Amino acid sequence: MSTTLAPPPVVEGEKIEPPRPDTGGGGFPPAWPPDHDDDGHRRPDPGAEAVVRYKLGAWVGIAGIVMVFAAFTSAMVVRSGISGDWAPFDLPRILWLSTALLLASSYTIEKAKRLLSSGAEDGLRRWLAVTLVLGALFIVSQWIGWRALADKGVYLASNPSSSFFYLLTAAHAAHILGGVLALSYAVFRVWSPAVWVTRRATVEATAIYWHFMDGLWVYLLLLLTFWR
């Protein structure tokens with residue numbers, strides 16, 4: 001004759017433990033998965049939280065950059081119509097090479113971001129390194145363009161048109177340099193053998209910033225080409 005034991009009564013207000021998996025026998029029940037707490041609730045993913053924070057930081061920085069270049073554009077448009085000392089000049093041809101380098105780097109960093117999502121470590125490292133090299137080459141090409149204008153006698157103080165050219169391109173190059181430093185940090189993170197919960201956040205936030213700087217350069221090139 002078997003005896004069935006009734007479950008103990010539940011006292012009002014008493015904490016009820018969530019059901020645990022059956023162990024199939026005696027002994028201690030298995031612990032919850034590492035992504036759950038002692039009550040069986042899923043813990044927040046620190047990697048996902050880092051992505052949100054890093055992306056938010058990138059967008060806040062971009063908002064500030066937009067305001068700066070909007071002010072520069074407004075000042076350029078107003079100044080060009082004040083007097084007759086606005087003297088247009090031919091842009092250095094190497095600026096088109098600069099544009100090609102930056103467009104190519106936008107493709108390579110997007111390629112790296114997609115490989116990060118698929119877990120292809122070798123491809124991620126390779127494409128991030130290529131993006132870093134293209135960004136550095138862009139800065140070098142900008143320097144060559146400035147030197148070409150100087151050889152033609154077009155300096156910062158030559159006329160208002162040249163002043164705004166140097167101002168806009170130098171300000172953009174400075175922000176690109178900041179992006180190169182961010183890329184260098186991202187390359188360091190993905191090459192490190194340690195497990196970094198913010199690796200994905202670093203790459204994705206840097207990609208957002210880099211794509212924006214790419215679009216900003218295209219805008220500046222069109223502005224300098226047609227508003228002269």
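The values are calculated or read from the model by the stated rules, or taken from the named source; none is laboratory data. Owing to the predicted nature of the structure, the values given are computational and were not obtained by experimental measurement. Methodologically, a virtual Cβ is constructed for each residue, glycine included, from the backbone with ideal geometry; neighbour enumeration extends over all protein chains shown. The area values use the complete protein model at the heavy-atom level, side chains included, leaving out ligands, DNA and RNA. Shrake-Rupley method; radii C 1.70, N 1.55, O 1.52, S 1.80 Å.
Considering every residue within the stretch 110-123, establish whether at least one is buried (at least 21 other Cβ atoms within 10 Å of the Cβ), touching a helix residue (DSSP H, G or I) at 6+ places or on another chain (Cβ under 9 Å) and modelled with pLDDT of 95 or more. No, the stretch 110-123 contains no residue that is buried (at least 21 other Cβ atoms within 10 Å of the Cβ), touching a helix residue (DSSP H, G or I) at 6+ places or on another chain (Cβ under 9 Å) and modelled with pLDDT of 95 or more. Note on the stretch 124-151: among residues that are open to solvent by less than 10 Å² (accessible area, probe 1.4 Å) and closer than 15 Å to Tyr107 by Cα, the one that is farthest from the chain's Cα centre (by Cα) is Phe138. Here Thr169 meets each of (1) open to solvent by 60 Å² or more (accessible area, probe 1.4 Å); (2) at pLDDT 95 or above with one exception, condition (1).
If you check Leu97, Leu91, Leu103, Leu56, which single one turns out to be modelled with pLDDT of 90 or more and not in a helix (DSSP H, G or I)? Step by step, each of Leu97, Leu91, Leu103, Leu56 is checked, and only Leu91 is modelled with pLDDT of 90 or more and not in a helix (DSSP H, G or I).
In this entry, Ile208 passes the filter for residues that are part of a helix (DSSP H, G or I) and touching a Lys or Arg at 6+ places or on another chain (Cβ under 7 Å). The condition of being in contact (Cβ under 8 Å) with a residue 24 or more places away in the chain, closer than 30 Å to Arg79 by Cα, surrounded by 15 or more Cβ atoms within 10 Å (Cβ to Cβ) and small (Gly, Ala, Ser) does not hold for Ala201. Based on what the data block shows, is Thr99 under 27 Å from Ser192 (Cβ atoms), open to solvent by less than 80 Å² (accessible area, probe 1.4 Å) and touching a residue at least 24 places away in the same chain (Cβ under 8 Å)? In short, no. All but one of (1) part of a loop (DSSP other than H, G, I, E, B); (2) touching a residue at least 60 places away in the same chain (Cβ under 8 Å) hold for Glu110, so report the exception by its number. Every condition holds for Glu110 apart from (1).
Note on the stretch 78-89: residues that are touching a helix residue (DSSP H, G or I) at 6+ places or on another chain (Cβ under 9 Å), surrounded by fewer than 14 Cβ atoms within 10 Å (Cβ to Cβ) and not polar (S, T, N, Q) total 4. The set of residues from the stretch 46-73 being over 16 Å from Trp217 (Cα atoms) and in contact with a Phe, Trp or Tyr (Cβ under 8 Å, 6 or more places away or on another chain) comprises Ala58, Gly61.
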